[in-house]
């Protein structure tokens, strides 16, 4: 898969958009720059747990693979074997006010769905073949909490976003959480 992506996004290597990890790592968003894979969970929003020592491809998408400001895009993707997760890190600060925070999460989720679907569609339109892969989207809200496994999105408004995601990109695996195991 990574060679297929590099064929259609040839600047992937020159911009250092691709890394290979064979251990667990964390993803953090960096203001006005591409996200990064780090070994320390401090300031991270997502954990990618490697269930063995097989390679996981980490691909920075926003401000790297897709550097066009007019295209909505997610932050990154991780690939292992025949699974690809497109990940959007929503860096929002919560106030502790339940209603206000719920609205922030709802707005962030709505934007994330569009970013994830737009990225998947950009990959498909460029010619990246996703047909033999399980394609999933993950929306991550801070803070990263250990063992916050992805869940299907339970609320009614979130289900509307899931339907929009399906309509926009044709895939139905959309989750919210901060921890995936590959």
Pick from the range 50-71 the residues that are in contact with a strand residue (DSSP E or B) (Cβ under 6 Å, 6 or more places away or on another chain) and either without any contact (Cβ under 8 Å) to a residue 12 or more places away in the chain or assigned to a strand (DSSP E or B) (or both): which of them is farthest from residue 169 (Cα to Cα)?
-> 56
Of 66, 27, which residue is in contact with a helix residue (DSSP H, G or I) (Cβ under 8 Å, 6 or more places away or on another chain), surrounded by 11 or more Cβ atoms within 10 Å (Cβ to Cβ) and modelled with pLDDT of 90 or more?
-> 66
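Quick check on residue 134: is it touching a strand residue (DSSP E or B) at 6+ places or on another chain (Cβ under 6 Å), surrounded by fewer than 18 Cβ atoms within 10 Å (Cβ to Cβ) and at pLDDT 75 or above?
When the stated conditions are applied, residue 134 passes them.
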What do you reckon, is residue 12 buried (at least 17 other Cβ atoms within 10 Å of the Cβ) and more than 14 Å from the chain's Cα centre (by Cα)?
-> yes
Take the residues of the range 72-103 that are part of a loop (DSSP other than H, G, I, E, B) and farther than 24 Å from residue 134 by Cβ: which is modelled with the highest pLDDT?
-> 97
Please note which strands (runs of 3 or more DSSP E) are completely contained in the range 1-46 and include at least 3 residues that are more than 14 Å from residue 62 (Cα to Cα).
-> 18-21
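The values are calculated or read from the model by the stated rules, or taken from the named source; none is laboratory data. On a predicted model such as this, the values are computed, not experimentally measured, just so you know. Using ideal geometry, Cβ is built from the backbone for each residue, glycine included, and neighbour counts are taken over all protein chains shown.
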